[in-house]
């Protein structure tokens, strides 16, 4: 035998380290050249590889495909040791509580999710037959799973569904992000604006005025407002739920329209309406960022109404925008005077 034992050992180690069950001919030759560099370019190289493969097949390191008259040289070899062992399914036999019995029938479950379910199962066992006070979801998540945002992640998986995990089962609830707000009067309505400087200007103007329906002003924090909108039915500025209308005004650009539309659709208990007078005031302001704003696929007439949408058409035609801050303070003061 001309092939050396060290070369057989080197090819065996390279095949196992590669980790592939199927090794094609090209890859096999590269491994063989590295395992037996002395044979590169030698007429003996092919014969010695054949001998090496026979030895590796005899000791069950590899499996050779059946040869045919048309293919005397193997197109590939198989390395059985690189086959992944069947993964165990510990969740199938775990002692689940009745509330989590469905987990045993899951076809797949990652180690991380299995660990989460075990922690929830243990928590349910500790609180069986006890009245559990409802807390915000991140408090419960920190208590059960040690990570305050982990339940948020789990709610986006199939583990949360009817008949599976629910926030009610875990005695927790999700509160909407609070709206930064200030009391500006005794009226039932609230005014929400997109930008922070506009919030401060209108806060001062409304607080100095009397006999208007705006009881509080809130800052929608830009694109955050649609996520905050349900806080209107909980509390705004310490006044409790909004009892009137939530009026909204933002920038006249695609993002500003999208925020207003999303908030209008997301509100379930308090009506959110555009402040048409303030949107209208933007029609006479200088157009900003001409030629740079893409208004395609924006249909603000559903929000502002056809008449006002048409009034603002020249801004869209110029591919521009108008920011809230472009409406002067004097115009805002006149609007408040008309409210009174």
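The values are calculated or read from the model by the stated rules, or taken from the named source; none is laboratory data. The model shown is predicted, which means the values in this text are computed figures rather than measured ones. Here Cβ is always computed from backbone atoms with ideal geometry, including for glycine, and neighbour counts include all displayed protein chains.
Assorted remarks:
- Residues of segment 208-240 that turn out to be surrounded by 17 or more Cβ atoms within 10 Å (Cβ to Cβ) and part of a helix (DSSP H, G or I), as a count: 7
- From the list 169, 151, the lone residue that is in the same structural domain as residue 104 (by TED's automatic domain parsing) and in a loop (DSSP other than H, G, I, E, B) is 169.
- Unique match (being in the same structural domain as residue 15 (by TED's automatic domain parsing) and touching a helix residue (DSSP H, G or I) at 6+ places or on another chain (Cβ under 9 Å)) among 62, 120: 62
- Subset of segment 297-322 (residues that are at pLDDT below 95 and either outside the structural domain of residue 245 (by TED's automatic domain parsing) or over 27 Å from residue 245 (Cα atoms) (or both)): 297
- Scanning segment 241-265 for residues that are touching a helix residue (DSSP H, G or I) at 6+ places or on another chain (Cβ under 8 Å) and in a strand (DSSP E or B) yields 246, 248, 249, 252.
- Of the numbered criteria (1) surrounded by 15 or more Cβ atoms within 10 Å (Cβ to Cβ); (2) not assigned by TED's automatic domain parsing to the domain that holds residue 21, the one residue 104 fails is (1).
- Count of residues meeting criterion [touching a residue at least 60 places away in the same chain (Cβ under 8 Å) and touching a strand residue (DSSP E or B) at 6+ places or on another chain (Cβ under 7 Å)] in segment 17-45: 1
- For segment 326-335, the set of residues classified as in a helix (DSSP H, G or I) and surrounded by 14 or more Cβ atoms within 10 Å (Cβ to Cβ) consists of 326, 331, 332, 333, 335, listed by residue number.
- Candidates 138, 156 - the one that is under 30 Å from residue 106 (Cα atoms), touching a strand residue (DSSP E or B) at 6+ places or on another chain (Cβ under 9 Å) and outside any strand (DSSP E or B): 138
- Residue in segment 36-46 that is over 30 Å from residue 129 (Cα atoms), loosely packed, with under 15 Cβ neighbours inside 10 Å and touching a helix residue (DSSP H, G or I) at 6+ places or on another chain (Cβ under 7 Å) present: yes
- None of 81, 10, 14 is without any contact (Cβ under 8 Å) to a residue 24 or more places away in the chain and not in a loop (DSSP other than H, G, I, E, B) except 14.
- Single condition residue 147 does not satisfy, out of (1) without any contact (Cβ under 8 Å) to a residue 12 or more places away in the chain; (2) surrounded by 15 or more Cβ atoms within 10 Å (Cβ to Cβ): (2)
- Per this entry, residue 125 is counted among residues that are in contact (Cβ under 8 Å) with a residue 24 or more places away in the chain and assigned to a helix (DSSP H, G or I).
- Of the set (1) under 26 Å from residue 316 (Cβ atoms); (2) touching a strand residue (DSSP E or B) at 6+ places or on another chain (Cβ under 7 Å), all apply to residue 242 but (1).
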